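Asks: Sharing a structure with you now.
What follows draws every value from the coordinates through simple rules; no lab data is involved. This one's a predicted model, so the numbers in the text were calculated from it and none came from an experiment. A quick note on method: Cβ atoms are made from the backbone with ideal geometry, for glycine too, and the neighbour counts reach across all protein chains shown.
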Amino acid sequence: ANPPRPALLSTDEKSFAYTTAKYRWPEIITKIIKHFHQACNSLNPSEVDKIQEGKEIANSLEILKSQIQENKPLIPIEDNEADIETWIFVLNTCFKDKTWYTATWLFTECYLYRRVHSILVKTKHWNNHDPYFHQKEEVFRSSSKTIIEIAKRIDELIFPPNEKGNDDFDSNRLIFHELAQVSLWGNATDLSMLPHLNHDDIKRLQGTGAKYLEEFEKNILANDLDEAWTWISKFRNVRIDFVLDNAGFELYGDLVFADWLIQSGYAREIHFHAKSIPWFVSDTTPQDFNWIIKTLQDEAFFAASESERSFLKKLTGRWQSYVANSQWILTSDYFWTSPYAYWHFEEKAPELYANLCKSQLVIFKGDLNYRKLVYDCKWKTTTPFRDAIGPLANAKGAPPVLALRTSKSDVVVGLDKGVEERLNPIEEDWMYSGKYAVIQFSEGNK
Ligand code: F6P
Ligand code: MG
């Protein structure tokens with residue numbers, strides 16, 4: 001299939017791509033530099049080599065930041081990581097002589113995080129260090145109240161007092177809607193956007209229960225949840241996949257949703273796809289996945305009463321048994337941190353693609369996954385979702401896809417006529433503010 005054009009570019013001064021390159025990336029790199037200074041300061045002065053390396057990392061990051069700020073040409077990445085050939089190939093074939101602003105936004109943003117990784121991975125003492133972990137940890141801790149509320153809520157849903165629960169089709173439909181939305185709105189709090197969100201914004205975005213969801217439902221500009229429910233409720237004991245986005249609170253919402261999918265009998269196994277390397281600040285790595293299950297049981301991590309703890313204990317006990325029994329399967333693949341849009345999925349990652357095609361529903365979380373699904377282009381907002389994801393909807397054997405995404409970039413498809421016209425005059429930033437969301441479904445082509 002011919003990939004669509006034109007791609008989003010940071011040269012367009014009215015775009016969020018531009019704001020990102022000009023303001024957000026330098027802020028994000030500045031934070032990593034600060035982190036290295038702090039980390040070095042807190043080391044024992046006898047760790048001379050490690051401190052020295054940490055300072056060198058900070059210097060390299062300063063250079064990277066100035067290359068962006070001066071809109072310099074993109075340079076080759078040099079390291080021995082498993083995906084290095086891909087980066088060399090794409091850079092040489094598509095973006096030779098391009099700069100931080102003139103190459104496509106999707107490429108430059110992925111390239112940025114890969115450059116940061118390259119700086120760290122070549123060191124002796126910091127090659128396994130996740131420079132964003134402390135941020136993920138901090139926000140997760142500050143979400144404790146909502147985490148506990150959700151733990152209570154999932155307990156009620158799985159063990160309903162009226163004993164009806166699991167076999168009641170109507171209540172299952174409502175629960176599916178509720179938990180899909182908890183998983184969806186978790187995506188609003190990704191850390192690469194955090195400089196623009198204050199604490200109240202975050203609190204506002206986290207919540208549970210019908211009232212909360214009702215208030216937010218009007219911000220879902222296209223909502224295929226009913227279609228997705230009609231699809232999944234036909235099955236029992238199937239495989240469902242989550243292509244994960246952010247760690248911490250968002251991941252927690254995904255796991256709660258996945259927990260119910262198993263308990264209700266719709267899913268037999270859930271495959272979670274994490275990033276192989278630290279990515280877009282808050283994306284989930286395998287370490288983050290394991291960390292969250294461990295930390296929810298850690299009494300020292302956040303304050304909770306005895307009874308609150310008992311909910312967390314029950315929930316993490318179940319989650320650990322899913323992992324032990326291979327009902328929850330965690331994997332990672334370098335394709336997820338490649339610069340490729342998912343229009344190239346089958347060609348560039350044939351094995352992973354074939355594996356995903358065995359799934360009865362592949363849930364793509366978040367903004368970056370959405371950008372990759374729709375090729376990060378200037379689509380008309382009324383373009384049908386199935387057209388915008390191209391081969392992933394239409395190729396023979398394509399899997400069923402559900403995108404749960406809060407909108408944080410300059411591309412949205414699948415809207416009714418008139419939606420864009422209504423929002424443009426009142427909220428200039430509606431496409432990328434994170435306030436609005438889309439839930440979009442494609443049945444695939446099995
Ligand atoms: O910076 C580009 C971007 O896609 C934003 O639009 C978004 O804030 C961030 O990266 C990642 O978002 P998410 O974690 O939802 O993929
Ligand atoms: Mg993310």
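Asks: If I stretch the segment between Lys152 and Thr93 completely, what's the gain in nm (0.36 nm per residue apart, minus their alpha carbon distance), one decimal? Walk me through the intermediate numbers first.
Replies: Values: separation 59, 0.36 × 59 = 21.24 nm, distance 5.24 nm.
Result for the pair: 16.0 nm of gain on full extension.
Asks: Another question, if that's okay. Ordered by residue, what ³J(HN,Hα) values in Hz, to whole numbers, does region 131-137 give under the Karplus form 6.51 cos²θ - 1.76 cosθ + 1.60, where θ = phi - 60° and Gly and Pro are x?
Replies: x, 10, 4, 4, 5, 4, 5
Asks: Then there's this: Would you calculate the separation in nanometres between label points at Lys378 and Ala354, each defined as 7 Å from the Cα along the Cα-to-beta-carbon direction?
Replies: 4.0 nm
Asks: Quick one: order Phe159, Phe364 by neighbouring beta-carbon count within 10 Å, fewest to most. The partial results should precede the final answer.
Replies: Values: Phe159 12, Phe364 24.
Ordered by Cβ neighbours within 10 Å, fewest first: Phe159, Phe364.
Asks: Right, next: Need one word for the chain: rounded, prolate or oblate. Basis is the Cα gyration tensor (sqrt eigenvalues a ≥ b ≥ c); a/c below 1.5 gives rounded, then a/b vs b/c decides. Don't skip to the answer; put the middle values down first.
Replies: On the way: a/c = 1.58, a/b = 1.20, b/c = 1.32.
It comes out oblate by the Cα gyration axes.
Asks: Got a sec? How would Ile63, Ile84 order by Cβ neighbour count within 10 Å, fewest to most? Could the numbers behind the result be given before it?
Replies: Working: Ile63 10, Ile84 16.
In order of increasing Cβ crowding within 10 Å: Ile63, Ile84.
Asks: Related question: Students often check this: by mean Cβ neighbours within 10 Å, which of 268-279, 85-96 ranks highest, and how do the rest follow?
Replies: On the way: 268-279: 21.3, 85-96: 14.0.
Final packing ranking: 268-279, 85-96.
Asks: Are there trypsin sites (Lys or Arg not before Pro) in region 106-137 that DSSP puts in a loop and that have at most 13 other Cβ atoms within 10 Å, and which ones? Mind showing how you got there, number by number?
Replies: On the way: sites: Arg114, Arg115, Lys122, Lys124, Lys136; in loops: Lys122, Lys124.
Taking region 106-137 and a limit of 13 other Cβ atoms within 10 Å, the loop trypsin sites (Lys or Arg not before Pro) found are Lys124.
Asks: Near the amide H of Ser332, under 5 Å away, which other amide H atoms are found, from residues 5 or more places off or on another chain, if H is placed in the peptide plane?
Replies: Ala274
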